[in-house]
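Q: The structure's right below; bear with me while I get my questions together.
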Amino acid sequence: MSNIIAQTQSPSPSQRLDQEPMIKLRDVSKWYGHFQVLHDVSLDVRKGERVVICGPSGSGKSTLIRCINRLEEHQKGEIIVNGIEMTDNVKNIEKIRRNIGMVFQSFNLFPHLNVLDNLTIGPMLVRHMKKKDAEELAMQFLEKVRIPEQAQKYPLQLSGGQQQRVAIARSLCMQPEIMLFDEPTSALDPEMIKEVLDTMIELADSGMTMICVTHEMGFARTVADNVILMADGKTVESGTPEEFFGNPKNPRTRLFLEQILKH
Amino acid sequence: MTTQSQHAPKMATPLEPVMQFDPNAKVPFAKWVQKHLFTSLWQSLMTLVVAALLLRFAWFVLKWGVIDAVFYTPDPDVCRAAAGACWAVIVEKHRPMLFGLYPYDEHWRLVIMMVVYLSTIVASLMPKLWNFKILIPLWILSVTSIGILMFGGVLGLVYVPTSEWGGLPLTMILFSGTVLIGMPVAVVLALGRRSPMPVARGVSVVFIEALRGVPLITILFVAVNVFPLFLPAGVEVNKLLRITVGIAIFFACYQAEVIRGGLQAIPTGQYEAAASLNMSYWQTTRKIILPQALRISLPAITNHIIAAMKNTSFVIIIGLFDILTATTAVMQDPLWRRYYIEAYLFVAAVYLFFGYALSLYARQVEKWINSGRI
């Protein structure tokens, strides 16, 4: 039942419908020991599409997106990114990760490197860019996230919101086609959430393919092409924001929305 | 965090500063004494007792060490007559104490060697010079010149075999050998112990646990007496080298556990961030994990390095005379043997000097790390 809903594509812009999905999940399952965190989850994400995944904690939403770049290993089903299937093959994992940037809840900046070095280390080590070119690229993205003046500071000298924007810029420096956001604003003070969301909205406007795990329903409403509710490792509801918020099919969605929108 | 102040509109500073709490204000001495030493009757009593004991001890040190002491005399009988310390023993015997069995006429070579050695070390410890283009030539140059000075046999210098090396230069060579060989081994062992590969992990665990489980002296006996039995006939590895490697490996096993502690303190998020940037295991280890782990474990690393400095005195078991053993040997001289306390105090001061210098430097490194300079 659940996978049927997820596979039913939301009526996103028509030109996307005939494209081959950039990310294709088919019946992905994962267990932690005997506990099944993901139950046959299927999901298609097309180029330029913005997907928001929400759901109560422990519903497997973070695990799901972490499977997409192999921070977690799935045990059953298929994950195909840009036509490459995620297997144990290290070459395949590298190829897939090359196209995926990831932003974490706790930023995970490298505390021993200053902001500029945090941004250049990936391009220099992995893409073998020259230091000068990497720094130019880094400054470009720092300007995009509006903190070029912090380039020489260390992560812990910045506010949470600034750190998260640096983390976004760091991922962008690898010039990925897909960005994964794992609760990017959950660790932030309320007044800093906006600056990070603004950055994400700009990114969405630039046409980036995004999957965001978040509880920011305002963001989901304005940005998402497809909003998905996960519960107990299954996708419970999936639809455009209008459908999702206006006319949820599943009682769990209604319950979830009630709880989260009450305040 | 600091955002609030950064986002807040800049306010003009008030023209008249109100009475503010000044954390740097000097507390009057009398007030400090009263607050810290004489708050209660019991505390006042303890203060007085401790002060009396301290003064008594200080007076003893002053009287014995300075007032009644003999600072210079070639004649032990003068010392005999004096009530205080006989520092003259150090003046008289400093050369065999500092240089051991090394031929007397060649001691100037050791003085130059120590100057070269110390300046190389001091230079290598300065962050400004942390550049392989400077350090590699520097080390090649100084190791070569130290080798020439110590061994001789070229440039008209008399050949001195390692069995005649001794004293402070020997201690220095053993110590830096231990650290230079031991640290990389320690890092490899620490990484091995956390490796996802079972073989690497198994080897590291067995190696670390086996060697940590035996006393250093056992390892040295194996290095000196047992190891040669396994070598093919005719092959000989220098005794000094064998014992240096022995101490180094012992050092490495302990240091590996210290570094492992640092590695375990790195949050998984760091590995995940590196993985999501598509960095390889070695790139992640070299650029992300190790720099942080070593910073975290720096105080404990320093601790073991200082301990290693003192473990060098174990070379006594192969009949080499490091500074401590050399002093013991010198104090066999019947004329001066009464003054062993002064001699050992001198050796203690030498160890203290190097040990304290190391710990001061480590503290400086921690400051640099905290201020983000390295």
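Q: Counting other C-beta atoms within 10 Å, which of B:LEU170, A:LEU137 has the fewest, and how do the rest follow? Please list the in-between numbers first.
A: Working: B:LEU170 27, A:LEU137 20.
The fewest-first ordering by Cβ neighbours comes to A:LEU137, B:LEU170.
Q: Now for a different question. With unit charges on the beta carbon (Lys/Arg positive, Asp/Glu negative), name the residue among B:PHE21, B:ALA52, B:TRP130 whose Cα is farthest towards the positive pole of the charge dipole of chain B.
A: In chain B, that residue is B:PHE21.
Q: How large is the convex hull of the C-alpha atoms of chain A per residue, in Å³? Write out the running numbers ahead of the final one.
A: Numbers: hull volume 34.3 nm³, N = 263.
Cα-based convex hull of chain A, divided per residue, equals 131 Å³.
Q: Treating only the Cβ atoms of Lys and Arg (+1) and Asp and Glu (-1) as charged, compute the dipole magnitude of the protein assembly as shown about its Cα centre; round to the nearest 20 debye. Intermediate results must be reported in sequence, preceding the final value.
A: On the way: 59 positive and 51 negative charges, 159 e Å.
Here the protein assembly as shown has a charge dipole of around 760 debye.
Q: Label B:TRP130 and B:GLU236 with points 7 Å out from Cα along Cα→Cβ: what is the distance between them in nm?
A: Between B:TRP130 and B:GLU236, the label points sit 4.3 nm apart.
Q: Would you be so kind as to identify which of B:GLN292, B:LEU168, B:GLY202 lies farthest towards the positive end of the dipole of the range B:166-320, taking Lys and Arg as +1 and Asp and Glu as -1 on Cβ and the Cα centre as origin?
A: Farthest along the dipole direction, towards plus: B:GLN292.
Q: Rounded to the nearest 0.05, what FRET efficiency is calculated for A:ASP198 and A:GLU258 with R0 set to 41 Å and r the Cβ-Cβ distance? Don't skip to the end; give the middle numbers.
A: Values: r = 28 Å, r/R0 = 0.67.
In this case the efficiency is close to 0.90.
Q: Among the listed pairs B:LYS93/B:LYS310; A:LYS144/A:LYS262; A:LYS153/B:LYS287; A:LYS76/A:LYS249; B:LYS287/B:LYS310; A:LYS144/A:LYS234, which are separated by more than 25 Å between their Cα atoms? Walk me through the intermediate numbers first.
A: Numbers: B:LYS93/B:LYS310 22 Å; A:LYS144/A:LYS262 34 Å; A:LYS153/B:LYS287 18 Å; A:LYS76/A:LYS249 28 Å; B:LYS287/B:LYS310 32 Å; A:LYS144/A:LYS234 36 Å.
Checking Cα-Cα distances, A:LYS144/A:LYS262; A:LYS76/A:LYS249; B:LYS287/B:LYS310; A:LYS144/A:LYS234 exceed 25 Å.
Q: For B:PRO299, what is the net charge nearby, where nearby means another residue's Cβ is under 11 Å from its Cβ and Lys, Arg count +1, Asp, Glu -1?
A: Values: positive: B:ARG295, B:ARG363; negative: B:GLU366.
Counting the neighbours of B:PRO299, the net charge comes to +1.
Q: Now, a different point. Which of the aspartates and glutamates could a cross-linker span from A:LYS24 if the Cα-Cα distance has to be under 17 Å and same-chain partners fewer than 8 positions apart are dropped?
A: Straight-distance partners of A:LYS24: A:ASP40, A:ASP44, A:GLU49, A:GLU72, A:GLU73, A:GLU78, A:GLU85, A:GLU177, A:ASP225.
Q: In whole Å, what are the extents of the range B:133-248 along the principal axes defined by its C-alpha atoms, from largest to smallest?
A: Largest to smallest, the principal-axis extents are 54, 40, 28 Å.
Q: Per Stokes-Einstein, at 10 °C and 1.306 mPa s, what whole-number D in µm² s⁻¹ belongs to the protein assembly as shown, with the Kirkwood radius over Cα pairs as the hydrodynamic radius?
A: Values: Rh = 30.5 Å.
So the translational diffusion coefficient is about 52 µm²/s.
Q: Take every DSSP beta bridge whose two residues both sit in the protein assembly as shown, then give the antiparallel share in percent to the nearest 5.
A: Numbers: 19 of 39 bridges.
Taking every DSSP beta bridge within the protein assembly as shown, about 50 percent pair in antiparallel fashion.
Q: I would also like to ask the following. What does the extension gain come out to for B:VAL226 and B:HIS107, with contour length at 0.36 nm per residue minus their alpha carbon separation? Mind dumping the intermediate values first?
A: On the way: separation 119, 0.36 × 119 = 42.84 nm, distance 3.35 nm.
Taking B:VAL226 through B:HIS107 to full extension adds about 39.5 nm, to one decimal.
Q: Further question on the same structure: Can you figure out the FRET efficiency of B:LEU55 with B:TYR159, using R₀ = 56 Å and their beta-carbon distance, to the nearest 0.05? Please list the in-between numbers first.
A: Values: r = 56 Å, r/R0 = 1.00.
E(calc), rounded to 0.05, equals 0.50.
Q: Taking every residue in A:121-128, how many Cβ atoms of other protein chains lie within 10 Å of its Cβ, on average? Don't skip to the end; give the middle numbers.
A: Working: counts 6, 7, 1, 2, 11, 6, 2, 0.
For peptide A:121-128, the averaged partner shielding equals 4.
Q: Can I ask one more? Which lysines, on any chain, are close to B:LYS128 with Cα under 17 Å apart, when same-chain ones fewer than 8 places away are left out?
A: Leaving aside lysines fewer than 8 places away in the same chain, those within reach of B:LYS128 are B:LYS367.
Q: With N set to the residue count of the range B:105-159, report its C-alpha Rg divided by 2.2 N^0.38 Å to two decimal places.
A: Working: Rg = 12.7 Å, N = 55, 2.2 N^0.38 = 10.1 Å.
After normalising by residue count via 2.2 N^0.38 Å, the value is 1.26.
Q: Here's a follow-up. Report the residues of the range B:202-218 in range of a label on B:GLN264: point 7 Å along Cα→C-beta, backbone N strictly under 15 Å from it.
A: Inside the label zone: B:205, B:209.
Q: Moving on. Quick check on the exposure proxy: order B:LEU55, A:LEU119 from fewest to most C-beta atoms within 10 angstrom. Let's see the in-between values first.
A: Details: B:LEU55 10, A:LEU119 29.
In order of increasing Cβ crowding within 10 Å: B:LEU55, A:LEU119.
Q: Oh, and also: How long are the semi-axes of the equivalent ellipsoid of the range B:143-196, taking √(5λ) for every eigenvalue λ of the Cα gyration tensor, in whole Å from largest down? Display every interim value, and only then the final one.
A: On the way: eigenvalues 230, 27, 12 Å².
Taking √(5λ) for each eigenvalue gives 34, 12, 8 Å, largest first.
Q: Of B:VAL78, B:ALA256, B:LEU101, whose Cα points farthest to the positive end of the dipole of the protein assembly as shown (charges on the beta-carbon: +1 Lys, Arg; -1 Asp, Glu; origin at the Cα centre)?
A: Comparing the listed Cα positions along the dipole, B:VAL78 ranks first.
Q: In what order do B:PHE354, B:PHE321, B:PHE57 fall by count of nearby beta-carbon atoms within 10 Å, going from fewest to most?
A: Neighbour counts put them in this order, fewest first: B:PHE57, B:PHE354, B:PHE321.
We did not get these values from a lab; they are worked out from the coordinates using the rules stated. Since this is a predicted model, take the numbers as computed values, not measurements. Note: ideal-geometry Cβ built from the backbone for every residue, glycine included; neighbour counts use all protein chains shown.
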